[in-house]
1. Before I look further, what does the range 113-189 give for accessible area per residue, probe 1.4 Å, in whole square angstrom?
2. Got a sec? What order do F307, F122 fall in by accessible area at 1.4 Å, biggest, i.e. largest, first?
3. Whole-Hz ³J(HN,Hα) for each residue in the range 77-88, computed from phi via Karplus 6.51 cos²θ - 1.76 cosθ + 1.60 with θ = phi - 60°, x for glycine and proline: what do you get?
4. If you average the sequence gap of Cα pairs under 8 Å that are 6 or more apart and divide by the length of the range 127-189, what percent do you get for the contact order?
5. Enumerate the calculated ³J(HN,Hα) couplings along the range 130-141 in order (Karplus 6.51 cos²θ - 1.76 cosθ + 1.60, θ = phi - 60°), each rounded to whole Hz, writing x wherever the residue is Gly or Pro.
6. For L94, what residues show an amide H to amide H distance below 5 Å, using hydrogens built from the backbone and excluding near sequence neighbours?
7. For every other residue with a beta carbon closer than 14 angstrom to the beta carbon of E185, add +1 if it is Lys or Arg and -1 if Asp or Glu, then tell me the sum.
8. Residue-wise, which Karplus ³J(HN,Hα) couplings in Hz belong to the range 320-332, taking 6.51 cos²θ - 1.76 cosθ + 1.60, θ = phi - 60°, and x for glycine or proline?
Amino acid sequence: MAFKGICLSPISIPTQAPLMSADPRFILDAETPFRERMLRVARHQYGRAGTLQRFWQALGWPPDAAPKSEDWPPLLPVEAFREPLFDDLTEAPLVFRSSGTTGMQRSMHPVADPGLYRQAIFEAMRSFYPLQDFVILAYTPGYSENPDSSLIWMLRELITAETSGLSRFLPLNTAIPPDDLRNIEASGKRLLLFGAAFGLIDLAERFPVQLPQGTLIMETGGMKTHRREMSRDELHHKLAAAFGLPPAQVHSEYGMTELLSQAYADGSGWFRCPHWMQISIRNPENPLLPVPPGGQGLIGIIDLANFHSCSFILTGDRGEMLPDGRFRVLGRYIPENLRGCNFLIDRD
């Protein structure tokens, strides 16, 4: 991978401080300021020869340069995950791959520590939802055909951990079984219906049903259906009407193959992050610069749970952020409009 105007051939620059311990559990310590945790992760990742190290060297940002407190490290374009991130390739016990059409170059995310990912999943969800109160039904067409899907792995972990024995993946192309709904109501728990947007809207249009009143629907993005694209507001109102719920009970998850953390939005559409994840909106003309709160731009992410890969990611998503850190996703930036990113990334 090459970056326009920047040579990324390996160069030898010693780190000015010893690498931190490879034990990543400090990232989940909410008592430690985020910036302190972030710099420890940056030093760890800078110490491994690979794309991120060369990217930062070329831009003059080694993490030991003591940047100003308000500065973020340069964010690596998410397309970098289509190639190995590090020069010393090591086997990972778990590898996630994005979905894609035949011949498409898919993103690949080796997960060196599945236990850390599992812990991040549960701690994040429990910080926003009383997870113990829910039975989970998952409807995942499309993803079910991708055995390397991070979403399928996450849902399997959530379903396995739920204690009633009622949580499961739903059969595809059929209505939600009435017995499932009756059993969930009898258990005294609430239903959490999880699925990608295109699958849930198909389920709603083909098999509408009154869901128990305490139900939450969690859509995981993917606004483009097989027929057309729809806004998130339209999607939520269609799901609410089909399943007999108020629109406020349709929530959203923001995640991707390249992240090991997820953000969650209630019916307002504004996402909140777990404490080890932060969002910034970047200027599309120069992604090194942030956009002030209220402005629109590219969504940049620091996800400390990506300890063993890359925590500093520039997405291709368009968004805006409030002063309190909540953000919303406004769709994808069209690649030909990303003129300002041309100096960041190109392919050999």
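The values are calculated or read from the model by the stated rules, or taken from the named source; none is laboratory data. Keep in mind it's a predicted model, so treat the numbers as computed, not measured. Note that we place each Cβ from the backbone using ideal geometry, even for glycine, and neighbour counts take in every protein chain shown. These accessible areas exclude ligands, DNA and RNA; they are computed on the full protein's heavy atoms, side chains included. Shrake-Rupley method; radii C 1.70, N 1.55, O 1.52, S 1.80 Å.
1. 45
2. So, going from the largest accessible area down, we get F122, F307.
3. Calculated HN-Hα couplings, in order: x, 4, 4, 4, 6, 7, 10, x, 7, 10, 6, 8 Hz.
4. So the answer I get is 42 percent.
5. x, 4, 5, 8, 10, 9, 10, 10, 10, 10, 9, x
6. Distant-sequence amide H within range of L94: V111.
7. 0
8. 9, 9, 8, x, 7, x, 5, 9, 9, 9, 10, x, 8
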